[in-house]
Amino acid sequence: MAINLQKIKSPFKGKSASWSDFYLNMALEMAENVAKSKAGSLLANRGLLDFTGDSESLKNINNNYWFAQSLTEEYDKVVKGGKTIIGGRSVAIGNTVAMQATLIGILSSTQLSKTGDLLRDIGPAVQAYWMGAQLEKFPPPNIPCPGSLKNITTILGVNFSPGVWTPISIPPMGSISPWLLNFILSASVHLLTVGGLYTCTCQYPPPAPPAPGILPWVGYFIKPFSGNPISSLDFKDMVSLAVGTGFNAITSDSGELSASNVLTQLSKGFIEGGELQEPQIQAALQAIVSGDEKAMAQAGSKISSGG
């Protein structure tokens with residue numbers, strides 16, 4: 001059955017409030033990319049593209065670019081739906097250019113290497129996104145800068161630490177993509193280790209006038225699940241297209257994927273998968289699922305310090 005991917009995507013453009021939304025948005029993106037690549041692959045096989053290299057190399061370049069672009073765009077969207085654990089502000093501008101460029105290079109080298117592991121090797125691309133990432137300036141952080149009564153305005157909110165990337169691998173969970181589930185778990189834990197500073201104009205105890213203040217922040221949180229309307233869609237047709245990609249990033253070979261079971265399988269991944277990890281990773285995943293910000297901060301600190 002023919003589907004209009006642009007029509008389906010348009011109501012949800014820019015919306016991603018949780019990792020479940022990220023997963024479903026990636027399904028839409030990859031299905032669209034498959035449709036786009038069919039014509040390009042046909043031309044490459046016929047030798048009609050004026051580039052150096054054989055047709056297989058050209059298809060790899062196309063697949064790498066589209067996958068990197070889709071993952072970067074969807075990661076950027078879901079990050080902007082999250083918040084800092086300290087101060088409660090969202091990212092306004094992430095370094096998407098650096099992430100996509102780094103990811104393309106990683107994809108190429110992973111394909112060429114016999115020991116390549118994309119989940120392990122993708123860390124620098126995700127970290128590149130956070131280098132110099134800027135936070136929303138309004139409203140100001142909900143926690144006063146040390147010594148002040150309240151924050152009046154935000155002068156600057158920025159990330160200085162790209163965090164620690166820890167690849168997390170768990171057994172397959174039904175029909176959900178093993179790689180994409182592992183990426184979500186790894187990225188969730190990584191976010192607990194990023195950090196930076198807010199610089200604010202603050203109100204201090206009288207008679208002191210308003211003056212600058214600095215509030216360090218560590219850790220960023222994205223909800224695992226949400227009630228976004230996108231979760232009510234049926235992705236059966238899109239998945240049937242997406243499984244044709246070289247990365248097989250949308251679903252496993254073990255069965256069909258529907259929007260309704262994404263939430264269930266993601267939940268199992270966070271809970272059951274966490275039970276197979278080292279104590280600090282298990283604690284981090286449990287804190288993320290429960291939304292316990294204090295526990296998330298503690299887990300992120302232990303992972304960052306290596307203990």
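Name the residues in region 267-281 that are within 17 Å of LEU191 (Cα to Cα) and out of contact with any Leu (no Cβ under 8 Å at 6 or more places or on another chain), would you?
GLN280, ILE281
Do you know which residues across region 126-159 are of a type in the set (D, E, K, R) and outside any loop (DSSP other than H, G, I, E, B)? Can you show your working first?
Restricting attention to region 126-159, the residues satisfying the condition of being of a type in the set (D, E, K, R) are 136-137, 150.
Once the filter is applied, which keeps residues that are of a type in the set (D, E, K, R) and outside any loop (DSSP other than H, G, I, E, B), region 126-159 yields only LYS150.
Name the residues in region 160-204 that are farther than 13 Å from LEU119 by Cβ, more than 15 Å from the chain's Cα centre (by Cα), modelled with pLDDT under 95 and in a loop (DSSP other than H, G, I, E, B), would you?
PRO171, PRO172, MET173, GLY174, SER175
List, please: which pairs have Cβ atoms under 8 Å, are six or more places apart or on different chains, and start with a residue in region 62-79 that is under 17 Å from THR110 (Cβ atoms) and buried (at least 20 other Cβ atoms within 10 Å of the Cβ) and end with one that is aromatic (Phe, Trp, Tyr) and at pLDDT below 90?
Pairs found: ASN63/PHE247; PHE67/PHE247.
Assigned to a helix (DSSP H, G or I) and at pLDDT 80 or above, is that true of LEU107? Steps first, answer last, please.
Details: assigned to a helix (DSSP H, G or I): yes; at pLDDT 80 or above: yes.
For LEU107, the condition - assigned to a helix (DSSP H, G or I) and at pLDDT 80 or above - is met.
Does at least one position in region 218-233 carry a residue that is in a loop (DSSP other than H, G, I, E, B), more than 30 Å from ALA284 (Cβ to Cβ) and either modelled with pLDDT of 95 or more or not charged (D, E, K, R) (or both)? Step through it out loud before you land on a result.
Step one: of region 218-233, the residues in a loop (DSSP other than H, G, I, E, B) are 219, 222-228, 233.
Checking the rest, the ones that are also more than 30 Å from ALA284 (Cβ to Cβ) come to 233.
Checking the rest, the ones that are also either modelled with pLDDT of 95 or more or not charged (D, E, K, R) (or both) come to 233.
Among the residues of region 218-233, at least one is in a loop (DSSP other than H, G, I, E, B), more than 30 Å from ALA284 (Cβ to Cβ) and either modelled with pLDDT of 95 or more or not charged (D, E, K, R) (or both), which makes the answer yes.
The values are calculated or read from the model by the stated rules, or taken from the named source; none is laboratory data. Note that the structure is a prediction, hence the values are computed from the model and not measured. Reconstructed Cβ throughout: ideal geometry from the backbone, glycine too, with neighbour counts over all protein chains shown.
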